[in-house]
Amino acid sequence: ATIEKGNYRHFMQKEIFEQPTVVAQTLRSYIRPLEQQVALPQMDFDLSSISRVTIVACGTSFYAGMVAKYWFETFARVPVDLDFASEFRYRDPVLEDGGLALFISQSGETADTLAALRHAKSEGQKIAVVVNVPTSSMAREADLLLPTHAGPEIGVASTKAFSCQLAVLAALAAHLAVVKGKMTRDEERDIVEHLTETPAALNAALAHDKDIEAMAHLIAPARDVLYLGRGPDYPLALEGALKLKEISYIHAEGYASGEMKHGPIALIDEAVPVIVLAPSGPLFEKTVSNMQEVRARGGKIVLISDAEGLAEAGEGCMATIEMPKVHPLIAPLVYAVPVQLLAYHVACAKGTDVDQPRNLAKSVTVE
Ligand code: G6P
């Protein structure tokens, strides 16, 4: 069947708004609701014996992997290596016995990622894949297939595949923690509960679409934009910058909030908007001081935070976007929405071809 845009202007917009539905759909195959447990598909190896995880991907899928590194290490206490697929083979990585190599790809066909998978397999790693196309090459060559159920993604800039990848990776992190004995039944139940709340939180984030559209004109004239985030929201800053570059052609950089003072701060002036992704929490104060550093140099801030964070630090910002207050585990999923919408509306304000940005392809099958 042909896929239609329906009432949406672009496929990307439609796919952003599908996220509550497709994330719920994806989570359904990884959660047993009655037992409040995470469940994975059958595999022919023992996950509890995995001593190290190597995550490999490209583009937006790489940033999903970067979030997963935080989750695997925090919850399962398993060390994680992370590589761009195009770098992985050529650095001759040390792959010891007992390692799991995890490949993340919407298409399951990206040439660099597929070549990396084959290399890891030849080096004796167990192969897990998170893919959106279950008939893809990567799906066929995996020992453990972890499908996302995002449905076909047409917009070249990935959105719903990314949030579904995060949903699967969160479930995998929790399951790994359980089999490794690092997470109790009660803690697992708690995690499952938070994951189950994700679709509602995504809806709450989407409800700010009109506010974000209204502030897009503040970003559209910029030549450079900086995105800041900490911890598992740092990859979201990178993803936000990537989305903006891809579809609005504005130069954007993502930086770890605390690292800004070691370089990018030199760029700050009235002309460089700084988008800060900062849910309230233990590290919020540190981010507030980073914001003060920006402000002292005339920088204009867009703060994306929950009500608590906005009450504390929203004053004096050029704009704010309110997110629901969520568990830190699901914050990266929820904060994906405003960065996608911001890129989308800025691109619309600039009149670019949102679904078919110049020079980019949906699936890159050359190395
Ligand atoms: C291309 C697309 C990106 C995507 C990347 C990885 O560059 O334009 O949106 O993130 O490939 O694709 P994959 O299918 O492997 O996730």
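So the values come out like this:
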read-out: Selection within segment 214-254 - small (Gly, Ala, Ser), part of a helix (DSSP H, G or I) and more than 16 Å from the ligand (Cβ to nearest atom); value: Ala214, Ala216, Gly231, Ala237
read-out: Whichever residue in segment 49-68 is part of a helix (DSSP H, G or I) and of a type in the set (Gly, Ala, Ser) and, among such residues, is nearest to the chain's Cα centre (by Cα); value: Ala64
read-out: Pairs with Cβ under 6 Å, 6+ apart, first in segment 349-364 and on the phi < 0 side of the Ramachandran plot, second more than 13 Å from the ligand (Cβ to nearest atom) and in a loop (DSSP other than H, G, I, E, B); value: Ala349/Ala220; Lys350/Ala220; Val354/His10; Asp355/His10
read-out: First in segment 62-90 and closer than 18 Å to Gly254 by Cα, second anywhere and at pLDDT below 95 and within 16 Å of the ligand (Cβ to nearest atom), Cβ under 6 Å, 6 or more apart; value: none
read-out: Scan of segment 239-259 for residues that are out of contact with any helix residue (DSSP H, G or I) (no Cβ under 6 Å at 6 or more places or on another chain), aliphatic (A, V, I, L, M) and touching a residue at least 24 places away in the same chain (Cβ under 8 Å), ordered by number; value: Leu242
read-out: Positions within segment 323-353 being over 15 Å from Ile275 (Cα atoms) and not in a helix (DSSP H, G or I), in sequence order; value: Pro324, Lys325, Val326, His327, Pro328, Leu329, Ile330, Gly351, Thr352, Asp353
read-out: Extreme residue, surrounded by the most Cβ atoms within 10 Å (Cβ to Cβ), among residues of segment 193-215 that are closer than 17 Å to Ala331 by Cβ and not aliphatic (A, V, I, L, M); value: Thr198
read-out: Answer residue from segment 255-303, given it is aliphatic (A, V, I, L, M), in a loop (DSSP other than H, G, I, E, B) and touching a Gly at 6+ places or on another chain (Cβ under 8 Å) and is surrounded by the most Cβ atoms within 10 Å (Cβ to Cβ) among those; value: Ala278
read-out: Residue within segment 345-359 that is charged (D, E, K, R), crowded, with 16+ Cβ neighbours inside 10 Å and under 20 Å from Met12 (Cβ atoms) present; value: yes
read-out: Whichever residue in segment 84-123 is within 17 Å of Val364 (Cα to Cα) and assigned to a strand (DSSP E or B) and, among such residues, is nearest to the ligand (Cβ to nearest atom); value: Ser105
read-out: Matching residues in segment 1-13 - criterion: being in contact (Cβ under 8 Å) with a residue 12 or more places away in the chain and farther than 17 Å from Pro338 by Cβ; value: Ile3, Arg9, His10, Phe11
read-out: In segment 313-367, residue nearest to Asp224 (Cα to Cα) [restricted to those that are within 16 Å of the ligand (Cβ to nearest atom) and of a type in the set (Asp, Glu)]; value: Asp353
read-out: Count of segment 289-306 residues which are over 17 Å from Pro332 (Cα atoms), modelled with pLDDT of 95 or more and touching a Lys or Arg at 6+ places or on another chain (Cβ under 9 Å); value: 1
read-out: Neighbours by Cβ (under 9 Å, 6+ apart or cross-chain): first from segment 146-158, in a loop (DSSP other than H, G, I, E, B); second of a type in the set (Phe, Trp, Tyr) and near the ligand (Cβ under 9 Å from one of its atoms); value: Ala150/Phe162
read-out: Residue in segment 87-102 that is hydroxyl-bearing (Ser, Thr, Tyr) and either closer than 19 Å to Leu242 by Cβ or surrounded by 20 or more Cβ atoms within 10 Å (Cβ to Cβ) (or both) present; value: no
read-out: Answer residue from segment 42-69, given it is among the aliphatic types (A, V, I, L, M) and buried (at least 22 other Cβ atoms within 10 Å of the Cβ) and is nearest to the ligand (Cβ to nearest atom) among those; value: Ala57
read-out: Selection from segment 131-151 of residues that are out of contact with any strand residue (DSSP E or B) (no Cβ under 6 Å at 6 or more places or on another chain), of a type outside the set (S, T, N, Q) and within 12 Å of the ligand (Cβ to nearest atom); value: Val133, Ala150
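Yes/no matrix, rows are residues, columns are (1) closer than 22 Å to Glu141 by Cα; (2) in contact with a helix residue (DSSP H, G or I) (Cβ under 6 Å, 6 or more places away or on another chain); (3) in contact (Cβ under 8 Å) with a residue 24 or more places away in the chain:
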position	(1), (2), (3)
Glu15	no, yes, yes
Gln25	no, no, yes
Arg32	no, no, no
Ser48	yes, yes, yes
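Yes/no per residue for (1) farther than 16 Å from Cys58 by Cα; (2) more than 15 Å from the ligand (Cβ to nearest atom); (3) surrounded by 19 or more Cβ atoms within 10 Å (Cβ to Cβ):
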{"residue": "Val129", "(1), (2), (3)": "no, no, yes"}
{"residue": "Ala177", "(1), (2), (3)": "yes, yes, yes"}
{"residue": "Arg185", "(1), (2), (3)": "yes, yes, no"}
{"residue": "Ile191", "(1), (2), (3)": "yes, yes, yes"}
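The values are calculated or read from the model by the stated rules, or taken from the named source; none is laboratory data. Quick caveat: nothing in here was measured; it's all calculated off a predicted structure. Every residue, glycine as well, gets a Cβ built from its backbone with ideal geometry; the counts of neighbours run over all protein chains shown.
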